Amino acid sequence: LAKTTQPISMDSYEGQEVNITCSHNNIATNDYITWYQQFPSQGPRFIIQGYKTKVTNEVASLFIPADRKSSTLSLPRVSLSDTAVYYCLVGDLNDYKLSFGAGTTVTVRA
Amino acid sequence: GAVVSQHPSRVICKSGTSVKIECRSLDFQATTMFWYRQFPKQSLMLMATSNEGSKATYEQGVEKDKFLINHASLTLSTLTVTSAHPEDSSFYICSARGGRQGSSYNSPLHFGNGTRLTVT
């Protein structure tokens, strides 16, 4: 399983864009990159998943450079309710097991 | 999207008793489910992989006789904490991989909302 490194915490203000970068230098060929959001006392919630280049959905964008050794989750125009812990996971989906790193605590202030 | 339901959301039990936690995939079949434990301000730690119709696979350091896992159907896995002690107090979360098309390939993991276990 590829080891991931994320910033421990990030602060932002309402309406700003938040970009969280995750390093995964030993990512394998079959590995996908998946991001989850977790609020206190709740299970993680799937945000976005990608393999290369750029993926966008209704809540976020995921940017993956050509070497795939890092990825950036972009949250556009955050609100107070986006305050949460964000986890970057890297792994082969056929292996099923995904290992959680420490995550990034994002705090959005008014 | 795929939904994983976990029950109960919160349980308090006395030391020495056993507690069962259920994890259900509501709109898809899950041949594999995962159980995690999360202590305050820490990340999720994988405890075991639950396989439908066969024995669970436990991570290193997790006592299989203490944390009994049963995956009797494609939509239900249970975790029983036997002879619970205060140090077992934690947040337990299950997950499963699935998708509306029925194929689990490349489908992301979906998580239950967790069970807060407090052992007094």
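By how many nm would the segment from B:Gln29 to B:Thr17 lengthen if fully extended, with 0.36 nm per residue of separation less the alpha-carbon distance? Full-extension gain reported as 1.2 nm. Excluding same-chain neighbours fewer than eight residues apart, the aspartates and glutamates reachable from A:Lys52 by a Cα-Cα span under 13 Å are A:Asp31, A:Asp67. The residue among A:Val55, A:Leu98, A:Thr29 whose Cα reaches farthest toward the positive pole of the charge dipole of chain A, with charges on the beta-carbon of Lys, Arg, Asp and Glu, is A:Thr29.
Ignoring lysines fewer than eight residues from A:Lys54 along the same chain, the ones with Cα atoms less than 21 angstrom from its Cα are A:Lys69.
Take every Cα pair under 8 Å whose residues are at least 6 apart in sequence, average their separation, divide by the length of chain A, and the relative contact order is 37 percent.
At 0.36 nm per residue, and after removing the present C-alpha to C-alpha distance, how many nm does the segment from A:Ser9 to A:Thr72 gain when stretched out fully?
21.2 nm
Cross-link partners of B:Lys66 among lysines, defined as those whose alpha carbon lies under 25 angstrom from its own and excluding same-chain residues fewer than eight positions apart: A:Lys97, B:Lys14, B:Lys20, B:Lys41, B:Lys55.
Values quoted throughout were computed directly from the atomic coordinates according to the rules given, and no laboratory measurement underlies them. The shown structure was predicted, so the numbers you read here are calculated from the model rather than taken from an experiment. Neighbour counts run over all protein chains shown; Cβ positions are idealised from the backbone, glycine included.
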